[in-house]
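Before any comments, here is the structure.
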Amino acid sequence: MANFPFDIALFDLDGTLVDSARDLCPAVNHALGLIGRGPVEESATRGMIGGGTDMMLSRALEATGGMIADAEYRKLAQDLLDFYWAHLSDNTVPYPGCIAALDQLASLGCTLAVCTNKSEGPARELLEALGMTRHFSAIYGGDTLGRNRAKPLPDMLHAAIADCGGGSAVMIGDTTFDVGAGKAAGYPTVTCGFGYLDVAVSELGGHAHIDHFDELVPVLHTLNPPGVLTS
């Protein structure tokens, strides 16, 4: 792989590999309905994803009347998860060009891993349901190492890289959580304009940006591996 700069590519899941808002939005609205709240539009839900289910639910509650008591919140969060887990692959699909890009990276000798703030259980089940598990040598969820070690901390990135045998790595994601984790780990980051950006593209702070998976491998060829970062 002398002509390709990275040994390992780390991917966020929701909003990066797959368009999961198609199933997360119904789960959020199911939870809101249980407490008599009106639904939120899918377009609004897309801006609530990124920090895990708790953050998504908190944002939805704040947008529809405010937070609720902690005990009620805990139950509602579980209700949301139960509904989502029962429907997590009803409508979710990989983004256009995603599978081809993963295959292309593998053909270049790049080992692939998932680093998501989604809990590991549903992350693995979703990837399996979509026939994507085979692409990844490591899959880390936000609870794999403990929620206190989820992104934007770099812990799961370091662990995934170790599982993949070590080497130069790049983080690909769509939110400040991904960019923050990549930078904290010391790796270049690529942001995805088709995902669930929690700030404007200009504010994400990644080293490079793509708007379609067809652009990923060419963009990676332009980046520097760890140790020679220029920004």
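With θ set to phi - 60°, apply the Karplus curve 6.51 cos²θ - 1.76 cosθ + 1.60 along the stretch 135-140 and write out the HN-Hα couplings as whole Hz, x wherever there is a Gly or Pro.
6, 10, 8, 8, 9, 10
Of Asn29, Asn117, Asn91, which is the most mobile in a GNM of the chain whose springs link Cα atoms less than 10 angstrom apart?
It is Asn91.
Using θ = phi - 60° and the Karplus relation 6.51 cos²θ - 1.76 cosθ + 1.60, list the HN-Hα couplings for the stretch 198-207 in order, rounded to whole Hz, with x at every Gly or Pro.
Here the 3J(HN,Hα) series is 8, 9, 4, 3, 5, 9, 5, x, x, 7 Hz.
Using a cut-off of 16 Å between alpha-carbon atoms, which aspartates and glutamates can reach Lys75, once sequence neighbours fewer than 8 places away in the same chain are excluded?
Asp54
Using Cα pairs under 8 angstrom and six or more residues apart, how large is the relative contact order of the chain, in percent?
Relative contact order, the chain: 26 percent.
Between Thr111 and residues 5 or more places away or on another chain, which pairs have amide H atoms under 5 Å apart, with H built 1.01 Å from N, and which residues are they?
Ile8, Ala9
Under a Cβ-only charge scheme (Lys and Arg +1, Asp and Glu -1), can you give me the dipole magnitude of the chain about the Cα centre, in debye to the nearest 20?
So the dipole magnitude of the chain works out to roughly 340 debye.
Neighbour counts of other C-beta atoms within 10 Å: give me Lys118, Lys151, Lys183 arranged from fewest to most.
Lowest to highest Cβ neighbour count: Lys183, Lys118, Lys151.
In whole angstrom, note down how far apart the Cα centers of the stretch 44-121 and the stretch 189-212 are.
If we compute the Cα centre of each part, the gap is 17 Å.
Whole number please: convex hull volume per residue of the Cα set in the chain, in Å³?
For the chain, the hull spanned by Cα atoms encloses 111 Å³ per residue.
Would you calculate a helix-derived [θ] at 222 nm for the chain, using -39,500 (n - 2.57) for each DSSP H run of n ≥ 4 and dividing by the full residue count, to the nearest 500?
Value at 222 nm, helices only, nearest 500: -12000 deg cm²/dmol.
Using a Cα-Cα cut-off of under 18 Å, which lysines could be cross-linked to Lys183, ignoring same-chain neighbours fewer than 8 residues away?
Lys151
By counting other Cβ atoms within 10 Å of each Cβ, how are Ser43, Ser89 ranked from fewest to most?
Sorted ascending by nearby Cβ count, the order is Ser43, Ser89.
For Tyr140, Tyr95, Tyr84, what ranking results if the residue with the fewest other Cβ atoms within 10 Å of its Cβ goes first?
Arranged by neighbour count, lowest to highest, Tyr140, Tyr95, Tyr84 become Tyr95, Tyr84, Tyr140.
Given H placed on each backbone N at 1.01 Å, which residues far from Gly51 in sequence or on other chains put an amide H within less than 5 Å of it?
So Gly51 has HN proximity to Met56.
First check a/c for the stretch 106-151, with a ≥ b ≥ c the square roots of the eigenvalues of its C-alpha gyration tensor; if it is under 1.5, answer rounded, and if not, answer prolate when a/b is larger than b/c or oblate otherwise.
oblate
Looking only at the stretch 133-177, which residues have a backbone nitrogen under 14 Å from a spot 7 Å from the Cα of Ala208 in the C-beta direction?
Label zone hits: 169-173.
Can you list residues from other chains, or at least 5 along the same chain, whose modelled amide H is less than 5 Å from the amide H of Thr144?
The answer is Glu120.
Would you mind listing how long the stretch 21-87 runs along its three principal axes, going by Cα atoms, in whole Å with the largest first?
Principal extents (largest minus smallest coordinate, Cα): 27, 24, 22 Å.
DSSP loop (so not H, G, I, E, B), at most 13 other Cβ within 10 Å: list which trypsin sites (Lys or Arg not before Pro) in the stretch 15-79 pass both filters.
Of the trypsin sites (Lys or Arg not before Pro), not one in the loops of the stretch 15-79 has a Cβ with at most 13 other Cβ atoms within 10 Å.
Please list, short to long, the whole-number percent of alpha-carbon pairs of the stretch 137-209 in consecutive 10 angstrom bins beginning at zero.
Over the stretch 137-209, the share of Cα pairs per 10 Å bin runs 21, 52, 25, 1 percent.
Read the figures in this text as sums done on the coordinates, not as results from a lab. These numbers come from a predicted model, not from an experiment. When we count neighbours, we look across all protein chains shown, and the Cβ atoms used for this are built from the backbone with ideal geometry, even at glycine.
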